[in-house]
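Engineer: Structure in structure tokens, see below.
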Amino acid sequence: MNQIKNILVRINVEGISHDVGELVMDNRTIYFRYNADFLKSELNISPIKLPFTNEIAIADKNPFEGLYGVFNDSLPDGWGRLLLDRNLSSKGVNIDNLTPLDRLAYVGDKGMGALSYIPQLDGAYDVEKQLELDIIAREMAHVLKGESTEMIDELFALGGSSGGARPKILVAYNRDKDQLIHGYNNVPDQFEEWLIKFPSSQDNPQISKIEYAYYQMALKAGINMSECRLFKGKSGQTYFGTKRFDRNTKGRLHVHTASGLMHDNFRMSTMDYGHLMDCAYRLEKHVDAYEKILRLAAFNVYAHNRDDHSKNFSFLMDAKGDWKMAPAYDLTFSSSAYGMHNTMIAGESKAPGKEHLLKLANHFGINNFNDIINEVKQAVSNWREVANDCGVSKQLISEIQKTFNRLNKQ
């Protein structure tokens, strides 16, 4: 394939479409310029790193290969990137020659959030059949093992635009009929857009039930999350699903990760929850943003979610240009690659506790610190009951409880 030299960027937020600007690659450098008419909309899609002017903008080569973070957020990583590479390799494409613009062209209008990219390269596999989760899980396992599968096109269509390491699919769900389908940009009436996760080869077999229990605990802790549930395959195997927060009744919402906003390399992050608090306040323009982040930080500390990297925090922008923190996601029991928190708490990542959370609260003037910590601890103390209701095995419940007991003393 010939390399893409320019990409037109469009946004369709809550049913209102705008031509945003153009990305151009020349001599391995990527240039971006806003459309003059879009600047009049005052919809600043990336207010921290991308200048909202009519000047030609050039991002640093690092951390996103010369892309601004807002566009890098559209690119699949982890599972989605693996699927794209496997899909293109099966068609004889040399993936070593792919540029970021080539990959954006494959995302087209099928990415997360509200941005789309033109020209769009064909990667669709449009079907209107009921999805069988057990079959999808089996074929995903083949991909993870490096084996071939005849469903590579379908798997790419289902999850090729998604981020994160765990395999996942983007589906339309009808509650009344308990029906899952895919292949739609505009879902039919009575269908909602959901994301369903599948275990990776490194995951505990009960990961779906654990994450669902964490969802229940997070709600008790006062953390905002999009609706979640467990889906079942014909075998009885369960899969964790969450309703997509980048969609509402009006259409798409613009989504931007903390990684993309602050140009933080989430694989080698230097981000602290203090940076996240500052970012949230700049976008929401209200001190309540500080409390939201502190509550989430406390939950991740006491519930041992150490995979709290900068792509696991996002913000949403509506058609008026108003920002708010997205619902929390990817909350589960995790030790992370090095056994430390990916996002530091007041400079501490190895063994953060109450003293570090207090330091963070004092710095940002959060007066109801004790109320927040107590509410979070109370929610986590319900682990045994919640996990049992979610079907987690007694042995695993006890193993995780031992970790909670140790963290509760910090």
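The values are calculated or read from the model by the stated rules, or taken from the named source; none is laboratory data. Just so we're clear, the structure is a prediction, and the values are computed from it rather than from any experiment. Virtual Cβ from ideal backbone geometry, glycine too; neighbours counted across all protein chains shown.
Engineer: On the basis of being outside the structural domain of Ala326 (by TED's automatic domain parsing), under 30 Å from Phe313 (Cβ atoms), in a loop (DSSP other than H, G, I, E, B) and modelled with pLDDT under 90, does Gly163 make the cut? If you could, list the steps in order and put the result at the bottom.
Structural biologist: Working: outside the structural domain of Ala326 (by TED's automatic domain parsing): yes; under 30 Å from Phe313 (Cβ atoms): yes; in a loop (DSSP other than H, G, I, E, B): yes; modelled with pLDDT under 90: yes.
Taking the combined requirement at face value, the residue satisfies it.
Engineer: Could you go through the range 200-223 and let me know if any residue there is among the hydrophobic types (A, V, I, L, M, F, W, C), closer than 28 Å to Ile372 by Cβ, touching a residue at least 24 places away in the same chain (Cβ under 8 Å) and part of a loop (DSSP other than H, G, I, E, B).
Structural biologist: Yes, because at least one residue in the range 200-223 is among the hydrophobic types (A, V, I, L, M, F, W, C), closer than 28 Å to Ile372 by Cβ, touching a residue at least 24 places away in the same chain (Cβ under 8 Å) and part of a loop (DSSP other than H, G, I, E, B).
Conditions (1) assigned by TED's automatic domain parsing to the domain that holds Ser259; (2) within 23 Å of Gly163 (Cα to Cα); (3) under 25 Å from the mean Cα position of the chain (by Cα), marked per residue:
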site	(1), (2), (3)
His18	no, no, yes
Val24	no, no, no
Asn27	no, no, no
Ala36	no, no, no
Lys40	no, no, no
Leu50	no, yes, yes
Ala57	no, no, no
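Engineer: In addition: Filtering the range 393-410 down to residues that are closer than 20 Å to Ala221 by Cα and touching a residue at least 60 places away in the same chain (Cβ under 8 Å), which residue is surrounded by the most Cβ atoms within 10 Å (Cβ to Cβ)?
Structural biologist: The qualifying residue surrounded by the most Cβ atoms within 10 Å (Cβ to Cβ) is Ile400.
Engineer: Kindly check whether there is at least one residue in the range 342-358 that is touching a strand residue (DSSP E or B) at 6+ places or on another chain (Cβ under 8 Å) and within 25 Å of Gln202 (Cα to Cα).
Structural biologist: Initial filter on the range 342-358 (touching a strand residue (DSSP E or B) at 6+ places or on another chain (Cβ under 8 Å)): 343-347, 352, 356-357.
Those left that are additionally within 25 Å of Gln202 (Cα to Cα): 343-344.
Within the range 342-358, one or more residues are touching a strand residue (DSSP E or B) at 6+ places or on another chain (Cβ under 8 Å) and within 25 Å of Gln202 (Cα to Cα).
Engineer: For the range 127-170, which positions are among the basic types (Lys, Arg) and without any contact (Cβ under 8 Å) to a residue 12 or more places away in the chain? Before you say what the answer is, go through the steps one by one.
Structural biologist: The initial filter retains those residues of the range 127-170 that are among the basic types (Lys, Arg), namely 129, 138, 145, 166, 168.
Within the range 127-170, just Arg138 meets the criteria.
Engineer: Being part of a loop (DSSP other than H, G, I, E, B) and within 30 Å of Lys324 (Cβ to Cβ) is the filter; apply it to the range 113-123 and report the residue that is modelled with the lowest pLDDT. Show your work before the answer.
Structural biologist: Taking the range 113-123 as the starting set, the residues that turn out to be part of a loop (DSSP other than H, G, I, E, B) are 113-114, 119-123.
Among the residues that remain, those that are also within 30 Å of Lys324 (Cβ to Cβ) are: 113-114, 120.
Numbers: Gly113: 95, Ala114: 97, Gln120: 81.
Here the residue is Gln120.
Engineer: With the condition being surrounded by fewer than 20 Cβ atoms within 10 Å (Cβ to Cβ) and at pLDDT 95 or above, I'd like the helices (runs of 4 or more DSSP H) fully within the range 16-107 carrying at least 3 qualifying residues.
Structural biologist: Working: elements: 36-41, 69-72, 79-89, 100-107.
Hits in the range 16-107: 36-41.
Engineer: Could I ask something else about it? Which members of the range 39-58 meet the condition of being more than 18 Å from Asp264 (Cβ to Cβ) and either of a type in the set (Phe, Trp, Tyr) or touching a residue at least 12 places away in the same chain (Cβ under 8 Å) (or both)? Before the answer, list the steps.
Structural biologist: Step one: of the range 39-58, the residues more than 18 Å from Asp264 (Cβ to Cβ) are 39-44, 51-58.
Within the range 39-58, Leu39, Ser41, Glu42, Leu43, Asn44, Phe52, Thr53, Asn54, Glu55, Ile56, Ala57, Ile58 qualify.
Engineer: Separate question: Run Asp126 past the list (1) closer than 16 Å to Ser74 by Cα; (2) modelled with pLDDT under 85 and report the number of the one that doesn't hold.
Structural biologist: Answer for Asp126: the failing condition is (1).
Engineer: Further question on the same structure: Is it true that some residue in the range 110-128 is touching a helix residue (DSSP H, G or I) at 6+ places or on another chain (Cβ under 9 Å), of a type in the set (D, E, K, R) and within 30 Å of Asn44 (Cβ to Cβ)?
Structural biologist: Yes.
Engineer: Here's a follow-up. Hey, can you tell me all the residues within the range 218-247 that are among the polar types (S, T, N, Q) and crowded, with 20+ Cβ neighbours inside 10 Å? Spell out the reasoning first.
Structural biologist: Keep residues of the range 218-247 that are among the polar types (S, T, N, Q), which gives 224, 226, 235, 237-238, 242.
Hit for the range 218-247 is Thr242, nothing else.
Engineer: Restricted to the range 293-320, and to residues that are over 16 Å from the mean Cα position of the chain (by Cα) and of a type in the set (Gly, Ala, Ser), which residue is farthest from Tyr281 (Cα to Cα)?
Structural biologist: Ala303
Engineer: Right, here's the next one. What are the pairs, 6+ residues apart or on separate chains, where a residue within the range 313-329 that is touching a residue at least 24 places away in the same chain (Cβ under 8 Å) has its Cβ under 8 Å from a residue that is surrounded by fewer than 17 Cβ atoms within 10 Å (Cβ to Cβ) and of a type in the set (D, E, K, R)?
Structural biologist: Qualifying pairs under 8 Å: Ala319/Lys250; Gly321/Glu42.
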